[in-house]
Amino acid sequence: MSVRNDIGKLHLPEVLDGVTSAADWEVRRQEIVALLAQEEYGPIPDFPCEITYEVGPNERYGGGSADYYQVTITVTTPRGSHAFPLSCVIPRAGRPCPAFVHVNFRGGVPDSYMPSEEISDNGFACFSFCYNDVTMDNADFTDGLAGLVYPDGVRGPHDPGKISLWAWAAMRAMDYIATLPAIDQKNIGIIGHSRLGKTAIWTAANDLRYSFVFANQSGCCGAALTRGAPEDAEHIDQICKTFPYWLCENYKKYVGHIEELPFDQHWLLATIAPRRLYVSSAEEDRWTGPDSQYRACVETAKVWEALGCVPGFTGPDAYPGGNDAFQEGYIAYHSRTGDHFLSRRDWLQFMKYFKKYRNQ
Ligand code: GCU
């Protein structure tokens, strides 16, 4: 089966729109981010506030190979304030370390989705926060950060959904990390799994300080193309019914009308160009549409190639499976056996790629 042939049948909206230079691409890239904000996620909130960072006590981590502490990030507006913790594990390396920022489902260190000691032993700092500590993963827009952004909990059609609020928090984490001499500022990646993989890509679309993105099994409204989603994968009618609060209200108008979408998810991926993007799938995780994620990588690679970032993507014109990995391009992809999970095996692949292309 030819992936290219299958992509041809989808009649995807053209992402490059004639762009051939880096300067033109940045203009086009910003247009794409604005369109995705307007139609899909809502913009990253922009509201007057004061932000403080309170650094907690330092603890030895990993037998003294790293430092561990928490930073309390407090956001204050005339309406009130909200605080959430950022966990920090920084290797005692004696030189600036590359870092992951992990938007996670839980706040603990280590975590079943985050082998912190192993990450640190590989030379990476790891900053993480729990998305529910920012604003709860539900339809309540009076809770936490949402309560500060929305005076009465009511959203207009183009206002930010929860993904944009979690992305805002990842940008505030970056503001803190940007002050740390222990971190190699040119090599900071954002990582998330599933709904938080969607969040990771959208954060980096809006924040160029992230030079790597690792989107694990991000699926519908993440790395998977909306057009051509297979039967057993999530479609936008399902996501808009079950999780409408992740997105802006306006996105619902495309339910049953996906041919009217002026973009597809390869446009979201393209916003990372010319930086490094890693998309991953799990073979049994049919709901996230591994084939649709793969097609998006193949299609969006043309953006990197047009900018002279070659190879854009090295995956073949045939669908991968098992433990196939293609890591020689600006876009990397792996499949792994097993189901929906951010596993140690995924982290090992991500770290391998990050080490190889750090500073490139
Ligand atoms: C649900 C949802 C997905 C999401 C996933 C997750 O399955 O339909 O879109 O990615 O939850 O976050 O685990």
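For this structure, a couple of remarks:
- Cα shape, region 51-148, gyration tensor, a/c 1.5 rule: prolate
- Near-label residues of region 23-50 by backbone N, under 13 Å of a point 7 Å along Cα→Cβ of His158: 34-44
- Percentage relative contact order, region 129-211, counting C-alpha pairs under 8 Å, at least six apart: 24 percent
- Residues of region 1-29 with an amide N closer than 19 Å to a point placed 7 Å from the Cα of Asp317 along the Cα-to-Cβ direction: 1-12.
- Region 219-329: C-alpha gyration tensor shape, a/c 1.5 cut-off, then a/b vs b/c: oblate
- Dividing the Cα radius of gyration of the chain by 2.2 N^0.38 Å, with N the residue count, gives 0.94.
- Between region 17-68 and region 312-342, the Cα center-to-center distance that results, in Å: 25 Å
- In this structure, Ala93 and Glu26 have a Cβ-Cβ separation that, at R0 = 30 Å, corresponds to a calculated FRET efficiency of about 0.35.
- For region 40-191, the carbon plus sulfur part of the accessible surface works out to 51%, probe radius 1.4 Å.
- Distance between the pseudo-spin-label points of Gln38 and Glu328 (7 Å out from Cα toward the beta carbon): 4.1 nm.
- DSSP bridge pairs, the chain: antiparallel proportion in percent, nearest 5: 50 percent
- Per the Kirkwood formula applied to alpha carbons, region 309-360 shows a radius of gyration over Rh ratio, Rg over Rh, of 0.98.
- Burial ranking of peptide ranges 314-326, 94-106 (average Cβ count within 10 Å, highest at the top): 94-106, 314-326
- Helical runs assigned H by DSSP (4 residues or longer) give the chain a calculated mean residue ellipticity at 222 nm of -9000 deg cm²/dmol, each run adding -39500 (n - 2.57) before division by the residue total.
- Remark: region 21-173 carries 40 Å² of accessible area per residue (probe radius 1.4 Å; ligands, DNA and RNA excluded).
- Of the two radii for region 1-114, the radius of gyration is 1.12 times the Kirkwood radius, both from the alpha carbons; that is the Rg over Rh value.
- Split the accessible area of region 214-360 by element, probe 1.4 Å, and carbon with sulfur accounts for 52%.
- Remark: region 152-298 is approximated by an ellipsoid whose semi-axes, taken from the C-alpha gyration tensor as √(5λ), come to 26, 19, 12 Å, largest first.
- Three-way shape call for region 119-229 based on the alpha-carbon gyration tensor, with the a/c threshold at 1.5: oblate
- Calculated accessible area for region 248-360 comes out at 36 Å² per residue, all protein chains present (probe 1.4 Å; ligands, DNA, RNA ignored).
- Alpha-carbon geometry of region 191-243: the Rg and the Dmax are 11.8, 37 Å, given in that order.
- A DSSP coil position with no more than 16 other Cβ atoms inside 10 Å describes the following GluC sites (Glu not before Pro) in region 266-326: Glu283, Glu284.
- Rg(Cα) / (2.2 N^0.38 Å) computed for region 33-95, rounded to two decimals: 1.64
- Centre separation in Å (Cα based) which lies between region 168-186 and region 132-163: 24 Å
- For the peptides 267-273, 238-244, residues were scored by their other Cβ atoms within 10 Å and the scores averaged per peptide; the highest-first order is 267-273, 238-244.
The values are calculated or read from the model by the stated rules, or taken from the named source; none is laboratory data. What you see is a predicted model, and the numbers here were worked out from it, not measured in a lab. Positions of Cβ are generated from backbone atoms using ideal geometry, with glycine treated the same way; all protein chains shown enter the neighbour counts. For accessibility, only protein heavy atoms count, side chains too; no ligands or nucleic acids. Shrake-Rupley method; radii C 1.70, N 1.55, O 1.52, S 1.80 Å.
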